[in-house]
Amino acid sequence: MGLERMIEAVGLTKRYGDKTAVDNLSFQVRPGSVTGFLGPNGSGKSTTMRMILGLDNPTAGQVTIGGYPYRKLPNAPRQVGALLDAKAVHGGRHARNHLLCLAQLSGIPARRVDEVLGVVGLQDVARKRSKGFSLGMGQRLGIAAALLGDPQVLLFDEPVNGLDPEGILWVRNLMKGLAAEGRTVFVSSHLMSEMALTADHLIVIGRGQLLADMSVQAFIAANSAGFARVRTPDTEPQQREKLTAALTEAGGHVMSEPDGALRVTGLPLPHISDLAHGADVRLWELSPHQASLEEAYMRMTQGAVDYRSSTDQKAGLQQPLPPGALPPPPVPGQGQPGWYAPPPPQQGGQPYPMPPGTMPQGPVPPGQPGLPQGGPPAGPYAAPAAPAAPGGAAANPYAQPAAQAPAAPAAPAPTESDSEDHR
Amino acid sequence: MSTPQPPQHAAAPTWQTPPGHAYTSPIPVKKTNLGHAIASEWTKIKSVRSTMWTLGIFLLLVVGIGFLVAVNTSDTEYGDVPYTIPAFFGLILGQICLITLGVLVIASEYGTGMIRTTFTASPQRHRVLAAKFIVFFAVAFSFSVLAITLVGLITQSLHGGESSVSWGGTVFKGGLYVSLLGVLSLAVGAMLRHSAGAIATMLAVVLVPAILPAFLMLSATLRSIGNTMQEYAAPNALAYLFGIDSDNNTGNPQLLFLVGVTAAAVAGAFLLLDRRDV
């Protein structure tokens, strides 16, 4: 049993006065793989980590490691290693003494200190005070402290912060190696590209609540779809207008990219080609674009972001635009609703959770992001399904409401004849 | 609310571990005890510069001022007082060094965030705090005994033969008094978790009872309070312990009073430690 779920949270809740940082969170982390822990700033990731480590007492619920609450573990650092905050060291102490005092606390021999200093590559600065360490060196020292007890469970909070590319690669391989040895690795990060490469499984939270708990592939499949990038000759802008009109008329959803390319969702690639041909528009590019973890994550969490930036208007600083001048083109994604591709059609229209049985079993083959089994045989660029039924929409409180996406195509769900025509 | 429960079987194929093979470390797991925590705290206290600064200045103040007083006094003045009495003047200032070190031992961990690393490495928080008290008290007591003894030896060598008062007791009690002030500071630091706040609080604890009575004496009704306060103020307590007024007051009530206050503060520190988040 302990093998199946090394870390287990049940109904974990933490309130600070009126603010609920973590709300009834239940999840399990299993050994032998890297589990990514994602969520926007202030979503409760660090609070959850601190509760796992017994630093904060939960308001309700509990979290155990190998069946024990952390503070009941007989020799905690030998079972659990943690990097919470690389700056959580006394800067006046040199690196070796910092690790030595932690080693002595759990009866770890002093030679192990030199071992882990070698593992993280800090042996040359072992006698330097950690005050002078760069952010990356601090991260390495924190990782050394986590590895000190040769533990079975490892928790890392933002381990690649401040590391150089070589260091990032090293952390990635380290975490994969630790997991391959059968250890439980639970790691939070904001770097989606890094998570996509490192993690096997994802736990996503927003505003303290569980949003997703699934494999990386399933997560991408369930939360986004690809789009097609179409480029018309730069020399003939009117062709671009013409194609945009034709695509929109056919039910596609067209957005402009800053370099003049068009981002089309809701139409399969062959149909786009046919439409362009029909409108007598030449194409310079027609390429499928696979959704990334970042896009899937953005789509899932966009309703759960606590700290959202507003556009810097610079009112009062700005000169009025000279007549005829155009305002600068928008930065990708800013102020364009629906920039991230909508999720693929799903039964019931629920972005998450899906009823059991509709999940793709096992890794999804590339190019087939999360087609619900038994659904219409739509391509990856098929039009999104009609807005969710009111009952289904309530399932995910942070799913983007249909009304917030005015740019979403008014296209009806593809009819039988439609999908047969273009296939 | 119902937390979305994902279908667990969907993720199953991605787990790479052969079932039943979790990692086990080749290093034997020992059961830890207070001795481990004391070794760790000993490493901590000797590996930071604030320890060297505060204890160095403590020695300099007590021995230096003690030496100057000893040089500037005559043999006849030691007729009925112990030879350690010049150390009293240095301790009035030197106690501030021990107060600072006591606060820093714990509050610097809160200030830097090190406390989270410490409590992750040893979730038995009581054990860590107990080790801090033990190690700090041992260090503070050793240094104050050393400093007072040095002053006593210097004075005896300069003014030998005059005094018939044995001074062993003053070394022990004087050292104990200032070390307990340091322990009290550590307890206050553990409760306030803030270096500057705790040091300021401790300075108030030491200085206010020495200054406030001057104002309380102005009012007839508050005079008795002022008298008691003055009697138990830290500088006066030290003076009694060094036999300045040996006929009327040995300083023992003041020492016992400080033991009581320190015990209460230590108990408070332990009580709060478990309840609060770090």
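The values are calculated or read from the model by the stated rules, or taken from the named source; none is laboratory data. A quick note: this is a predicted structure, and the numbers were derived from the prediction, not measured. Note that we place each Cβ from the backbone using ideal geometry, even for glycine, and neighbour counts take in every protein chain shown.
Name the residue that is surrounded by the most Cβ atoms within 10 Å (Cβ to Cβ), counting only residues in segment A:146-171 that are more than 24 Å from A:R111 (Cβ to Cβ) and of a type in the set (D, E).
Checking each candidate, the answer is A:D157.
Filter segment B:229-278 down to residues that are surrounded by 15 or more Cβ atoms within 10 Å (Cβ to Cβ), over 25 Å from B:F88 (Cα atoms) and among the small types (G, A, S), then give me how many there are.
The total comes to 2.
Only residues that are among the small types (G, A, S) and on the phi > 0 side of the Ramachandran plot: list them for segment A:174-221, please.
Within segment A:174-221, A:G182, A:G208 qualify.
One line per residue, one yes/no per condition, for (1) crowded, with 17+ Cβ neighbours inside 10 Å; (2) at pLDDT below 90; (3) under 30 Å from A:L25 (Cβ atoms); (4) small (G, A, S):
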position	(1), (2), (3), (4)
A:V230	yes, no, no, no
A:L269	yes, yes, no, no
A:H277	no, no, no, no
A:A296	yes, yes, yes, yes
A:T301	yes, yes, yes, no
A:D306	no, yes, yes, no
A:G316	no, yes, no, yes
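Looking at segment A:1-31, which of the residues that are more than 10 Å from chain B (Cβ to nearest Cβ) and hydroxyl-bearing (S, T, Y) is nearest to A:T184 (Cα to Cα)?
A:T13
Among the residues of segment A:143-170, which ones are in a helix (DSSP H, G or I) and touching a Ser or Thr at 6+ places or on another chain (Cβ under 8 Å)?
Result: A:A145, single match.
Does at least one position in segment A:32-43 carry a residue that is facing chain B (nearest Cβ under 7 Å) and within 21 Å of the chain's Cα centre (by Cα)?
yes
Restricting attention to segment B:48-64, does a residue exist that is free of Cβ contacts under 8 Å to residues at least 24 places away in the same chain and over 23 Å from B:Y177 (Cα atoms)?
Checking segment B:48-64: at least one residue is free of Cβ contacts under 8 Å to residues at least 24 places away in the same chain and over 23 Å from B:Y177 (Cα atoms).
Which residues, taken from segment B:101-143, are at the interface with another protein chain (Cβ under 8 Å from one of its Cβ atoms) and in contact with a Gly (Cβ under 7 Å, 6 or more places away or on another chain)?
Residues satisfying the conditions are B:T112, B:P123.
Checking A:T48 against (1) more than 21 Å from B:T43 (Cα to Cα); (2) within 11 Å of chain B (Cβ to nearest Cβ), which test does it fail?
(2)
Quick check: anything in segment B:117-124 farther than 30 Å from B:Q156 by Cβ, among the hydrophobic types (A, V, I, L, M, F, W, C), touching a residue at least 24 places away in the same chain (Cβ under 8 Å) and not in a helix (DSSP H, G or I)?
No: zero hits.
Test A:A95 against the stated conditions and say whether it is more than 8 Å from every other protein chain (Cβ to nearest Cβ), closer than 22 Å to B:T112 by Cβ and surrounded by 19 or more Cβ atoms within 10 Å (Cβ to Cβ).
yes
When residues of segment A:183-232 are filtered for being outside any strand (DSSP E or B) and aliphatic (A, V, I, L, M), how many remain?
12
Just to be sure I understand, how many residues within segment B:150-178 are touching a residue at least 24 places away in the same chain (Cβ under 8 Å), more than 23 Å from B:F257 (Cα to Cα), among the hydroxyl-bearing types (S, T, Y) and assigned to a helix (DSSP H, G or I)?
The total comes to 1.
Within segment A:98-123, track down each residue that is crowded, with 17+ Cβ neighbours inside 10 Å and either hydrophobic (A, V, I, L, M, F, W, C) or within 33 Å of the chain's Cα centre (by Cα) (or both).
Result: A:L99, A:L100, A:C101, A:L102, A:A103, A:L105, A:I108, A:V113, A:V116, A:L117, A:V120, A:L122.
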